[in-house]
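One structure is given below, encoded as structure tokens.
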Amino acid sequence: MFKFQFIKKLFFGKKALDGALLEEIETMLLTADVGVSATQQLIATLTQKLVRKELNDADAAFKSLQDEMKSILQANDTPLVLPPTVKPFVILVIGVNGAGKTTTIGKLAYYYQKLGKRVLLAAGDTFRAAAIEQLKVWGEKLNMPVIAQAQGSDSASVVFDALSAAKARDLDLMIADTAGRLHTQSPLLVELQKIRRVLAKIDPTAPHEVLLVLDAVFGQNALVQVKQFQEAIGVTGIVMTKLDGTAKGGSLFAIAKQTGLPIRFIGFGEKIEDLEPFNADQFVQRLFEG
Ligand SMILES: Nc1nc2c(ncn2[C@@H]2O[C@H](COP(=O)(O)OP(=O)(O)O)[C@@H](O)[C@H]2O)c(=O)[nH]1
Ligand SMILES: [Mg+2]
């Protein structure tokens, strides 16, 4: 059973709605990576309502918690809509190794292609041959161009070529992959900064979106990564992957509450259609299902 289901169970156990129950819920929220600040907000609201005797039964209390959880995420529930005036729109995808960047790029390309956008991919992860291959496979599958160079080549130059090509072909969207890196690996961060600079040479407003991909399994570390990438490169949106696993993405509450960054998409599988725009209400609903 998942952590959030335990929380639901706490409400509907035989226990009274009292301070002891609230403490158990608080502990559960913390172990589910919701973070101290968001947990405090949730518990404070519940406590207040209990004191005012606004919650008559477990149903009301559980609903109240869910509503408050939704309200934390709703502030960050901003879909990534491509403005028709920006062409090509440039998405730079960053994150640590294995987070799901390249997979997410395939899914995003598919998502926007279905919306009628003409997309080009840039194999900016020149560090690993497999990453270039992986992106080419997506490109073939979706019948869209992939700009790539040999493994080990300069990733800023790949991304530069890609944006030039996307512009020349008058495409709607370019999505650039980058090498996985730890926020602590400064040479790699310098490389990302270089990518930003070369993009700006072609279009001073690019990249229009810097998407940080986070694996749901990162738990509390997700927030640390957001802050460090934010500081080093600037992040404009979050994608959380692997929500099909046992990790339910409680860290999104901490990220929402403490960074204010839009949560753009969630990924829940390895298939191309396993991605959808983030929806706060639906997300909270699903946390307690099953
Ligand atoms: N179950 C599951 N696996 C995923 C998801 N997203 C990516 N993966 C897998 O995670 C692994 C790493 O993904 P990849 O895109 O190569 O990560 P990258 O290093 O950040 O580019 C691969 O085996 C993917 O198939 C997801 O949403 N759910
Ligand atoms: Mg990759």
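Things worth noting here:
- With Cα atoms, 0 to 90° folded angle of helix 155-168 axis to the chain main axis: 80 degrees
- Computed from backbone phi, the HN-Hα couplings of the range 71-87 come to 5, 5, 7, 4, 4, 10, 8, 10, x, 8, 9, 7, x, x, 7, 9, 8 Hz, rounded to whole numbers (Karplus: 6.51 cos²θ - 1.76 cosθ + 1.60, θ = phi - 60°; Gly and Pro given as x).
- Per-peptide average of other Cβ atoms within 10 Å, ordering 33-44, 51-62, 106-117 highest first: 33-44, 106-117, 51-62
- Global form of the range 112-210, assessed from the alpha-carbon gyration tensor, a/c cut-off 1.5: oblate
- Sorted peptide list for 236-244, 280-288, criterion being average Cβ within 10 angstrom, highest first: 236-244, 280-288
- Of all the options Asp77, Asp215, Asp154, the one that moves most in a Gaussian network model of the chain with Cα springs shorter than 10 angstrom is Asp154.
- Tensor-based shape of the range 186-290 (alpha-carbon gyration tensor, a/c under 1.5 rounded, otherwise prolate or oblate): prolate
- Taking each of Lys53/Lys227; Lys8/Lys257; Lys87/Lys248 in turn, the alpha-carbon distance tops 29 angstrom for Lys53/Lys227; Lys87/Lys248.
- Whole-Hz Karplus values for the range 261-266 come out as 6, x, 9, 8, 9, 10 Hz, taken residue by residue from phi with 6.51 cos²θ - 1.76 cosθ + 1.60 and θ = phi - 60°; glycine and proline positions read x.
- Helix 129-142 axis versus longest C-alpha principal axis of the chain: approximately 90°, rounded to the nearest ten.
- Protection proxy ranking, highest mean first, for peptides 252-262, 218-228: 252-262, 218-228, where packing is the per-residue count of other beta-carbon atoms within 10 Å, averaged.
None of the figures in this text is laboratory data; all of them are computed from the coordinates on show. None of these values were measured; they are calculated from a predicted model. Heads up, the Cβs are rebuilt from the backbone with ideal geometry, glycines too, and the neighbour counts pull from every protein chain shown.
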